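Step one of this worksheet: look at the structure below.
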Amino acid sequence: MTTSMIRLAALPVRHAVVPLWRLFLLATLALAPPAAALSQETSRYSRAPESPDGIGKVYMGREIARVMGWQGAAWLNRAERAREERPDLLLAALELKPGMSVADVGAGTGYYSAPMAKAVAPGGRVYAVDVQPQMLALIKKRMASEAIDNIVPVLGANDDVRLAPNSIDLALLVDTYHELDAPYEVMASLVRALKPGGRLVLVEYRAEDPAVPIKPLHKMSEAQVKRELDVLPLRHERTDNRLPWQHLVVFRRLDVKPGKP
């Protein structure tokens, strides 16, 4: 509540004769984002007609894909996923070690959170971040059924992963980045959460390969991934193509001055 609204509330009823429209205006102004933030949002993103699989919001020439809702969670656990994505190869590429703090951003049902939690034990933790509470509920069920106690479910926001600064050794996003509603803001918050020198790994279906049977908006080229992350204090370390259908693009956080992402 703004100071003006508090003062109005404290007045005797006979004195509070401010028109309702003015009260509504005061409340609206109090809740509105700063003009500078609106300007940055407008300049960073543009609008386009929505395609069948997109949201009509464009970032660096790419239409952002529509998020798969929790109602499609069964697809994340499909039996053929192990053959299509080879999670064994992906996990080996991450070089996880006991004691590491790992973030699984867009964790979904915990398909990768669970094996990563086992890989970083003892002493390590996996922060399973998702913006859908229903997905976090499924992760908690998985933790109980598999007796895993080192996964921390985290309810993220559309523009913030909500992780502590300088706390994460490695952050993984599997088939998630292309669906982020605010990719710059989310990734800036994730870079802040990485320890200096911490790794950020994006796994995306290869747009360069027409044989990959995934809808176009749910695929990304390596060049597009690098272009979008180049605006953040990250260094592209390598691109690993050991997976059947996906890139595994690895970045490291650069040392940055306080106050920077």
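Values in this text are rule-based calculations from the coordinates and carry no lab data. Predicted, not measured: the structure shown is a model, and the values here were computed from it. Every residue, glycine among them, receives a Cβ derived from its backbone with ideal geometry; neighbour counts consider all protein chains shown.
What to note about this one:
- Overall form of the stretch 163-237 per C-alpha gyration tensor (a/c, 1.5; a/b vs b/c): prolate
- Net charge of the neighbourhood of V203, taken over other residues with C-beta under 10 Å away and scored Lys/Arg +1, Asp/Glu -1, is -4.
- Between L155 and A92, the modelled labels are 4.0 nm apart [label points 7 Å from Cα along Cα→Cβ].
- Net charge of Cβ neighbours under 9 Å - reference I64; Lys, Arg +1; Asp, Glu -1: 0
- Take the Cα of D230, go 7 Å toward its beta carbon, and the backbone nitrogen atoms of the stretch 162-198 under 17 Å from that spot belong to 184.
- For the stretch 129-185, trypsin sites (Lys or Arg not before Pro) meeting the loop criterion (DSSP other than H, G, I, E, B) and having at most 14 other Cβ atoms within 10 Å: R162.
- Within the shell defined by Cβ-Cβ distances under 10 Å, the residues around V249 carry a net charge of -2, with Lys and Arg each +1 and Asp and Glu each -1.
- Using a Förster distance of 30 Å, the FRET efficiency for A73-D255 (Cβ separation, nearest 0.05): 0.20
- Put simply, the amide H of E237, placed in the peptide plane, has neighbours under 5 Å in V250, F251, R252, leaving out anything fewer than 5 places away on its chain.
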